[in-house]
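Note sheet for the following structure.
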């Protein structure tokens with residue numbers, strides 16, 4: 001079993017929809033949780049990071065962490081065609097030894 | 001501010017040939033990472049440098065892969081000899097020291113081994 005599980009999708013939604021992207025993990029030592037966006041043939045781009053449990057909001061993006069369930073989510077409000085990309089979750093412990101990535105979820109937002 | 005620079009962007013070689021990838025991190029970032037990303041997968045760490053010291057190379061296949069970061073800035077990743085299974089995207093990332101949760105990635109080098 002992988003340390004981080006992520007549905008590969010693709011997830012197809014119409015423009016303006018609310019998108020929910022999720023990851024589950026097994027390592028209770030993880031404390032930092034990141035979301036990266038990766039466009040085709042580009043490197044991953046850091047969207048947000050959160051520490052421990054709770055919510056964090058940045059514009060149309062909201063990240064949630066539920067450590068009790070080992071479950072993290074990224075919500076995208078008012079989704080736009082430009083949001084079409086692969087979204088990767090990543091996490092690490094406080095020792096910052098390495099990031100463990102999910103496989104990524106491919107999101108397609110149609111006009 | 002310039003981001004992480006990688007070259008070449010694309011490389012096609014025949015198996016058993018050598019290949020090298022170059023990375024220039026964001027200025028002031030002491031930590032540099034090389035990742036391997038296979039199609040449909042997340043990046044997997046190959047090696048991590050703190051300045052010029054390789055502090056984690058446990059996932060680097062040392063029989064054919066090597067890396068260096070002379071002077072603690074630019075880095076080169078080499079494969080010799082390349083195998084068909086090495087076809088992937090090789091990503092370089094950098095972060096400020098002590099902030100590996102805040103990594104910034106380059107565009108990657110897409111390697112095809114024929």
Taking R0 as 30 Å, what's the FRET efficiency between residue B:99 and residue B:41 from their Cβ-Cβ distance, rounded to 0.05?
0.75
To the nearest 0.05, what FRET efficiency results for residue B:56 and residue A:60 with a Förster distance of 35 Å applied to their C-beta separation?
0.50
Within a 10 angstrom radius of each residue's Cβ in A:34-44, how many Cβ atoms of other chains show up on average? Whole number is fine.
5
If neighbour count is taken as other Cβ atoms inside 10 Å, put B:35, A:87, B:101, B:10 in order from fewest to most.
B:10, B:101, A:87, B:35
With a point put 7 Å past each Cα toward its Cβ, work out how far residue B:7 is from residue B:30 in nm, to one decimal.
2.9 nm
Applying 1/(1 + (r/R0)^6) with R0 = 30 Å to the Cβ-Cβ distance of residue A:41 and residue B:78, what FRET efficiency is obtained, to the nearest 0.05?
0.85
How well do other chains shield peptide B:103-114, expressed as the mean number of their Cβ atoms within 10 Å of each residue Cβ?
3
Starting from the alpha-carbon convex hull of chain B, give the projected area averaged over all orientations, in nm².
6.7 nm²
In a Gaussian network model of chain A with springs linking alpha carbons closer than 10 Å, the residue among A:26, A:79, A:40 that fluctuates most is A:40
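Laboratory data are not the source of any read-out in this text; all were calculated from the coordinates shown. Treat the numbers as computed from the prediction; the structure is a model and nothing was measured. Don't worry about glycine lacking a Cβ; one is built from the backbone with ideal geometry, like all the others, and counts go over all protein chains shown.
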